[in-house]
Amino acid sequence: MDIISAFNYPVYLAIFICIYGCLAIGLNVQWGFAGLFNAGIAGFFAVGAYTTSILTSSDLPDRLGGFDLPVPVGILGAMILSGIVAWPVGKICLRFRGDYLAIVTIGFAEVVRLVVRSEHWLTGSTSGISNVPRPFGNLPYTQAQIAYLALTGGILFVAYLLIECQSVSPWGRIMRAIRDNEGAAAAMGKNIPFRRLQAFILGATLMGLGGALYAHLNRGVTPDAIDPMIASFLIWIMVILGGSGNNRGVLLGVMIVWIIWSASELMTDQLPTEIALQAKYGRIFLIGLMLQIVLRFRPEGLLPEPLSELRIRENKDSPPRDTVS
Amino acid sequence: MTAILTIKDIRGGYTEADILNGISMEVSRGEIVAIVGPNGAGKSTVMKAVFGLLKIRGGSIDFLGTDITGWSPNHIVQAGICYVPQVENIFTEMTVQENLEMGAFLRRGDLSAAYDRIYGLFPDLVSKRQVVSGSLSGGQRQMLAMGRALMLDPKVLLLDEPTAGLSPKYMEQIFQISRNIRDTGVAILLVEQHAKQALAFSDRGYILVAGTNRHHGTGQDLLTDHSVAEMFLGG
Amino acid sequence: MMFLDLANFYLIPGIVMGSIYAIGAIGITLVFSIMRHTNLAHGDMATFGAFSALALFSAIGISPYLVLPLATVIVGFLSIVIDWIFYEHLRNKPKILTTISSLGVGLMLRSVVQIIWGVNTTAYVTGINKPYKILGLKVKSTEIITLGVSAALVIILILFLNRNRWGKAMRAMSNSPDLALISGIDNRKVVALTWFVVGVLCCCAGFFLGINTELKSMMGWNILLPTIAAAILGGIGRIEGALVGGLIIGLIEEMSLMVIPAEYKAASSFVVLLLVLLLRPTGFFRSKII
């Protein structure tokens with residue numbers, strides 16, 4: 001019995017690592033390959049989680065949906081809708097310098113949060129959506145967890161392979177060229193805003209996928225599950241610490257950051273309840289600090305993108321220049 | 001005449017690659033020295049090296065007996081060297097008068113004497129005092145840029161292509177003003193595309209090729225030297 | 001009577017919120033034009049300012065207005081220190097990294113507020129602040145003081161930028177950092193000065209938000225988007241633009257209540273932001289930098 005429960009925790013951790021892996025690879029497509037700073041990851045995550053919940057949960061009288069559709073349809077729908085909402089966001093912002101995308105994606109995530117909290121007919125507002133089916137949910141707990149891990153692990157592996165193929169393809173090379181030298185890429189006749197939009201949408205679909213896997217794991221989703229900044233930040237740190245532009249590095253970053261984050265939770269759980277609030281926000285403070293430390297001491301990440309060291313050095317030496325569009 | 005600015009065997013560049021491969025030159029009080037040469041020879045880079053805007057990996061820059069190699073620009077300005085870059089050389093959002101005031105940022109107290117001196121050198125600017133400098137013509141901009149650099153009474157003035165893009169009339173005017181400035185005791189080191197005209201009006205000249213100085217002499221000597229003329233001045 | 005209702009329920013609150021946004025937006029615009037990045041920690045810096053004023057007030061007493069100058073100085077210096085620790089080493093790297101870093105700084109400031117002061121809402125003074133009636137217009141004393149101090153801050157800042165040597169140096173550096181350096185202006189001092197001014201403005205925005213509404217740890221984060229929208233609407237880099245932009249955003253937010261449910265009030269400034277980016281990305285006053 002003890003052996004099995006000791007086994008349960010690592011499995012639980014591993015499932016989350018796979019879910020965060022999807023989100024982080026999605027961000028890597030946007031930031032690592034295309035240099036787009038998406039500060040509203042939680043927004044796309046929420047769109048994915050709620051879409052699949054609405055599509056696959058069973059019927060309820062006062063709420064849209066409960067279409068009782070199969071899980072794969074739900075997941076696919078989540079990815080498609082995340083991509084669709086990414087389109088106008090990207091379309092409006094990608095003409096400008098990077099800060100505007102950051103601002104608008106923050107706004108997007110806030111609007112998603114407002115909708116999730118206010119529109120009862122769509123999202124069940126504060127009570128959220130429950131009775132979302134869980135694949136292999138009928139098995140005993142341990143087997144169900146392992147089966148779900150196999151499922152998320154498989155999906156992550158496929159996503160990783162597909163993105164890896166993309167990134168070494170001509171498409172990937174063009175993306176990097178745009179990121180590193182926009183002027184030269186434009187002079188070669190590349191349609192930069194369109195390419196960036198492609199990367200942005202592709203990344204968003206992977207974030208929607210992460211959200212969907214999360215909803216099925218928990219058999220539902222509530223607004224509290226999408227604390228906008230914390231989720232977005234963890235993923236940021238995973239990508240930058242691991243090595244933006246390198247999928248393997250990013251997955252390493254996911255593992256390290258998620259294990260540290262979970263371990264810190266185990267530790268703060270031991271603290272007396274009087275300081276539980278302080279402990280909770282102390283952990284959040286540490287996330288912010290961790291990002292600063294990575295930016296300061298290891299901006300290229302643990303497993304840097306090949307050639308990226310050169311890129312960082314060049315950026316350091318050349319005089320500061322702003323992209324003016 | 002003793003040199004006030006001595007550049008000795010300078011090497012360096014913007015990144016890892018060296019653009020300057022051992023440049024040496026001297027500038028003395030009250031003379032105009034022109035740097036000419038083909039594109040990419042490192043003419044403007046020499047000025048940036050003097051002004052602390054470049055990674056210097058070898059050699060030294062001596063100003064009035066002090067080694068100023070690697071100093072930051074505001075210390076170099078304080079020491080008495082002012083620089084007029086080729087582009088972005090005025091504050092386009094500020095008035096003419098404010099531009100001059102920024103040129104004298106390091107000097108506190110009453111600036112009226114300095115203003116009078118600059119407006120005396122550049123009478124064209126007098127009527128434009130309160131005009132936002134972005135609306136000035138090309139020639140007036142160049143005058144303002146030089147005026148800004150002269151506000152601190154520098155001992156050496158570095159001019160990077162002061163006549164680029166100007167009409168012949170303005171070019172002549174800038175050259176004439178440069179002579180007037182020289183006659184007040186300021187040494188001028190300038191980079192020029194218009195090699196022949198520059199050598200004709202300068203006291204001395206250096207010809208740069210591939211990051212080293214190939215020839216130097218008085219302006220007239222360089223102009224009449226056949227090998228120089230054939231190779232660098234277009235026959 | 002119709003007009004009075006409109007004024008009392010929408011225009012006056014709109015102008016008061018608008019002046020708070022304006023003070024914040026001027027800060028955003030200053031950071032953008034001199035440091036060339038968007039300061040996403042701006043809102044949380046305002047929260048921190050509001051709570052430090054609260055701490056000072058509960059320690060010293062008398063009146064919250066009395067401790068405001070002290071709080072602004074604290075936040076001013078805090079801004080400089082944050083720049084030294086977190087932003088300075090990123091100065092010569094792509095500016096987006098500083099923007100990312102500022103988002104992290106915002107999260108850290110917010111959690112510091114949550115650790116020290118908790119997450120519950122609080123207020124400087126409890127009790128009902130009875131409005132005065134002037135020609136049928138109901139105005140509270142806090143609102144009059146907010147408008148008065150905001151106007152004074154804007155006038156002082158504009159005079160400083162146009163008359164003072166260091167103020168002109170800030171404009172010079174915003175116009176051309178390279179040329180400012182060549183002219184002998186110490187860029188690092190200008191950056192520190194700018195952060196101080198920004199910290200003061202931030203603290204005032206947070207303080208007046210707190211005194212007109214309530215104090216809570218998310219207050220600053222919640223005004224970040226409207227503040228940035230105001231700066232972009234006015235034209236980034238333009239002080240007068242940020243002022244007008246702030247007032248417009250404040251008014252639109254309040255007026256939006258006439259047509260949309262209150263939960264979505266926060267989204268109205270986001271819609272304005274999108275429209276500006278679509279139709280006139282340079283803003284009203286022709287931004288100098290996009």
Answer from B:T92, B:T45, B:T69, B:T15 - the residue that is surrounded by 21 or more Cβ atoms within 10 Å (Cβ to Cβ) and not in a strand (DSSP E or B): B:T45
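What is the residue count in segment A:39-72 for residues that are in a loop (DSSP other than H, G, I, E, B), more than 10 Å from the chain's Cα centre (by Cα) and closer than 30 Å to A:K190 by Cβ?
Final tally of qualifying residues: 1.
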Residues that are crowded, with 19+ Cβ neighbours inside 10 Å and away from chain C (no Cβ under 14 Å), drawn from segment A:72-93: A:G74, A:I75, A:L76, A:G77, A:A78, A:M79, A:L81, A:S82, A:G83, A:A86
Qualifying residue in segment A:117-133 (condition: without any contact (Cβ under 8 Å) to a residue 40 or more places away in the chain, within 14 Å of another protein chain (Cβ to nearest Cβ) and in contact with a Cys (Cβ under 7 Å, 6 or more places away or on another chain)): no
Collect the residues in segment C:243-283 that are surrounded by fewer than 17 Cβ atoms within 10 Å (Cβ to Cβ), more than 8 Å from chain A (Cβ to nearest Cβ) and outside any helix (DSSP H, G or I), keeping them in residue-number order. C:L257, C:M258, C:V259, C:I260, C:R280
Segment C:163-188 - residue that is within 21 Å of C:I82 (Cβ to Cβ) and under 22 Å from the mean Cα position of the chain (by Cα) and, of those, nearest to the other protein chains (Cβ to nearest Cβ): C:S174
All positions within segment B:103-119 that are closer than 20 Å to C:I182 by Cβ and of a type in the set (G, A, S): B:G103, B:A104, B:A114
Just give me the residues in segment A:265-281 being more than 23 Å from the chain's Cα centre (by Cα) and either within 8 Å of chain C (Cβ to nearest Cβ) or of a type in the set (S, T, Y) (or both), in sequence order. A:T268, A:T273, A:L277, A:Q278
Sole miss for C:G76 among (1) surrounded by 20 or more Cβ atoms within 10 Å (Cβ to Cβ); (2) closer than 24 Å to C:E214 by Cα; (3) within 14 Å of another protein chain (Cβ to nearest Cβ) is condition (3)
If I go through segment B:116-156 residue by residue, how many of them are in contact (Cβ under 8 Å) with a residue 40 or more places away in the chain and in a helix (DSSP H, G or I)? 12
Evaluate the following for C:S150: is it more than 8 Å from every other protein chain (Cβ to nearest Cβ), in contact with a Leu (Cβ under 8 Å, 6 or more places away or on another chain), in a helix (DSSP H, G or I) and of a type in the set (G, A, S)? no
Taking first residues from segment A:156-182 that are buried (at least 17 other Cβ atoms within 10 Å of the Cβ) and charged (D, E, K, R) and second residues anywhere that are outside any helix (DSSP H, G or I) and modelled with pLDDT under 90, the pairs with Cβ under 6 Å that are 6 or more apart or on different chains are A:R179/A:A34; A:R179/A:G35
Only listed residue being within 12 Å of another protein chain (Cβ to nearest Cβ) and in contact (Cβ under 8 Å) with a residue 60 or more places away in the chain, chosen from B:I90, B:I81: B:I81
I need the full set of residues from segment C:106-124 which are more than 7 Å from chain A (Cβ to nearest Cβ), under 21 Å from the mean Cα position of the chain (by Cα) and in a helix (DSSP H, G or I), in order please. C:G106, C:L109, C:R110, C:V113
Considering segment B:186-201 alone, what residues qualify as being farther than 18 Å from B:L152 by Cα, in contact with an Asp or Glu (Cβ under 7 Å, 6 or more places away or on another chain) and modelled with pLDDT of 90 or more? B:V191
Only listed residue being touching a helix residue (DSSP H, G or I) at 6+ places or on another chain (Cβ under 8 Å) and farther than 23 Å from C:M108 by Cα, chosen from A:L209, A:L241, A:L234: A:L209
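Does segment A:78-95 include one or more residues that are under 21 Å from A:A199 (Cβ atoms) and outside any helix (DSSP H, G or I)?
Within segment A:78-95, one or more residues are under 21 Å from A:A199 (Cβ atoms) and outside any helix (DSSP H, G or I).
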Among (1) more than 9 Å from chain B (Cβ to nearest Cβ); (2) of a type in the set (A, V, I, L, M); (3) assigned to a helix (DSSP H, G or I); (4) without any contact (Cβ under 8 Å) to a residue 40 or more places away in the chain, there is one condition C:I128 misses while meeting the rest; what is its number? (3)
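Yes or no, residue by residue, for (1) modelled with pLDDT under 95; (2) surrounded by 17 or more Cβ atoms within 10 Å (Cβ to Cβ):
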residue	(1), (2)
C:L11	yes, yes
C:G27	no, yes
C:V67	yes, yes
C:W84	no, no
Test: residue in segment C:207-228 that is out of contact with any Leu (no Cβ under 7 Å at 6 or more places or on another chain), closer than 28 Å to C:S52 by Cα and free of Cβ contacts under 8 Å to residues at least 12 places away in the same chain: yes
Within segment C:107-114, is there a residue that is surrounded by fewer than 20 Cβ atoms within 10 Å (Cβ to Cβ) and under 19 Å from C:N222 (Cβ atoms)? no
Note on B:I4: of the conditions (1) in contact with a Gly (Cβ under 7 Å, 6 or more places away or on another chain); (2) closer than 26 Å to B:F105 by Cα, unmet is (1)
Test each condition in (1) modelled with pLDDT under 90; (2) within 18 Å of the chain's Cα centre (by Cα); (3) hydroxyl-bearing (S, T, Y) for A:S169 and report the one that comes out false. (2)
Quick one: which of B:L125, B:L106, B:L111 is modelled with pLDDT under 95 and touching an Asp or Glu at 6+ places or on another chain (Cβ under 7 Å)? B:L111
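I want to confirm something. Restricting to segment B:52-65 and keeping residues that are out of contact with any Leu (no Cβ under 7 Å at 6 or more places or on another chain) and either open to solvent by less than 40 Å² (accessible area, probe 1.4 Å) or assigned to a loop (DSSP other than H, G, I, E, B) (or both), which single residue is farthest from B:Y83 (Cα to Cα)?
B:G58
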Among the residues of segment B:157-173, write down those that are under 21 Å from B:A41 (Cβ atoms), touching a strand residue (DSSP E or B) at 6+ places or on another chain (Cβ under 9 Å) and of a type in the set (A, V, I, L, M, F, W, C). B:L158, B:L159
Answer yes or no: is there a residue in segment C:82-101 that is of a type in the set (S, T, Y) and facing chain A (nearest Cβ under 8 Å). yes
Within segment B:112-130, can you find the residues that are under 21 Å from B:T92 (Cα atoms) and either open to solvent by 50 Å² or more (accessible area, probe 1.4 Å) or in contact with a His (Cβ under 7 Å, 6 or more places away or on another chain) (or both)? B:P123, B:D124, B:V126, B:S127, B:K128, B:R129, B:Q130
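The values are calculated or read from the model by the stated rules, or taken from the named source; none is laboratory data. Because the structure is predicted, anything quoted here is derived from the model rather than measured. Glycine gets a Cβ as well: all are built from the backbone with ideal geometry, and neighbour counts include every protein chain shown. Accessible surface is based on the protein model in full, side chains and every heavy atom, while ligands, DNA and RNA are left aside. Shrake-Rupley method; radii C 1.70, N 1.55, O 1.52, S 1.80 Å.
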